[in-house]
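K.L.:
Sharing a structure, written as structure tokens. Questions coming.
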Amino acid sequence: ARTLEINDTWLEKLTPAALDALRLRLDGLHLLPVISANIDHSNIETCIRLAVALNAKIIRLALTPVTAGDRAAWGNRWYELVSTARAHLLDWALRAAEHGLTIGIENHQDFTSHELIAFCHEAGPNVGIVLDTGNCFAVGEAPLDFARAVAPLVRHIHLKDYRIQFTDEGVRLARCAIGDGAVPLKEIIELLAAQHPHLTAIIEPGGLETRHV
């Protein structure tokens, strides 16, 4: 293991001494930390403080609470979510840049590859993409096609896999062991490693509940 992604809510109440001890422990294990946050309830100043304290270089950011590509469930509020996410992302990017930090926005089953690319280009050069290999299915894109589209902007990877179960209305995304599902992990890794030889990644056996797209 060379990378550990840690949720900001697990760290925010630690004292400076405890954070310093954690940094030394991570350094001793040669682990690169990534701070994980959500734009709807995380605080940029807290995330920057944690990243600096632990010597993390990337803040992974989810832009909306939408899952399974289900924008319709939010009605007109979807457009409010997008507008709010855009405004907050611009603010996060500016503040993070002052500390030499990268913001990695995740394809969190809400945005397509082209929408995420547009967010990055608008927000600035220190904003890239955290590619979740399993979440591509939720917005109707094949994982390898999604990876090809966003490859130049990828800054961190979530290696997630799903079994695909077809239904009368769409597909179910069912959790499985990494490598046992429908995601072509080997091809995606080879594609991204060719462009980013030092890219960080985590294994995410997530999606504890089946997603119906």
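K.L.:
For LYS160, list the lysines whose Cα falls under 23 Å from its own Cα; do not include residues on the same chain fewer than 8 positions away.
P.N.:
Hits, sequence-local ones excluded: LYS57, LYS186.
K.L.:
Related question: What is the spin-label model distance, in nm, from ARG25 to PHE166 if the labels are put 7 Å beyond Cα along the C-beta direction?
P.N.:
Label-label distance for ARG25 and PHE166, simple model: 4.8 nm.
K.L.:
Which residue fluctuates the most in the chain, going by a Gaussian network model with Cα springs under 10 Å, if the choices are LEU131, LEU101, LEU191?
P.N.:
LEU191
K.L.:
Could you compute how fast the range 95-206 diffuses translationally, taking Rh as the Kirkwood radius over C-alpha pairs and applying Stokes-Einstein at 10 °C with viscosity 1.306 mPa s? Give it in µm² per second. If you can, show how the numbers build up before the last one.
P.N.:
Values: Rh = 14.4 Å.
Result for D is 110 µm²/s.
K.L.:
Pop a pseudo-label 7 angstrom from the Cα along the beta-carbon direction at both HIS196 and ARG95 and give the gap in nm to one decimal.
P.N.:
It works out to 2.3 nm between the two label points.
K.L.:
Which whole-Hz ³J(HN,Hα) couplings does the range 86-103 yield from phi under the Karplus relation 6.51 cos²θ - 1.76 cosθ + 1.60, θ = phi - 60°, glycine and proline marked x?
P.N.:
4, 4, 5, 4, 4, 5, 4, 5, 5, 5, 5, 4, 5, 10, x, 9, 9, 9
K.L.:
222 nm [θ] for the chain, helices only, -39500 (n - 2.57) per DSSP H run of 4+, per residue, to 500? Could you put the intermediate results ahead of the total?
P.N.:
Values: 7 runs with 79 residues, N = 213.
So the helix-based figure for the chain works out to -11500 deg cm²/dmol.
K.L.:
Also, I was wondering about something else. Considering only C-alpha atoms, what is the centroid distance from the range 137-167 to the range 1-73, in Å?
P.N.:
One Cα centre to the other: 22 Å.
K.L.:
Can you compute log10 of I(q)/I(0) for the chain with the Debye formula, treating each Cα as one identical point scatterer, at q = 0.12 Å⁻¹?
P.N.:
-0.62
K.L.:
Additional query: Which of CYS47, CYS120, CYS176 moves the most in a Gaussian network model of the chain with Cα springs under 10 Å?
P.N.:
Result for the chain, Cα springs under 10 Å: CYS176 fluctuates most.
K.L.:
Ok, one more. If the chain between SER83 and LEU208 were fully stretched, how many nm would it gain, using 0.36 nm times the residue separation less the Cα-Cα distance?
P.N.:
Fully extending the segment from SER83 to LEU208 adds 42.1 nm.
Here, each number is a calculation from the coordinates, and none is a lab measurement. On a predicted model such as this, the values are computed, not experimentally measured, just so you know. Neighbour counts run over all protein chains shown; Cβ positions are idealised from the backbone, glycine included.
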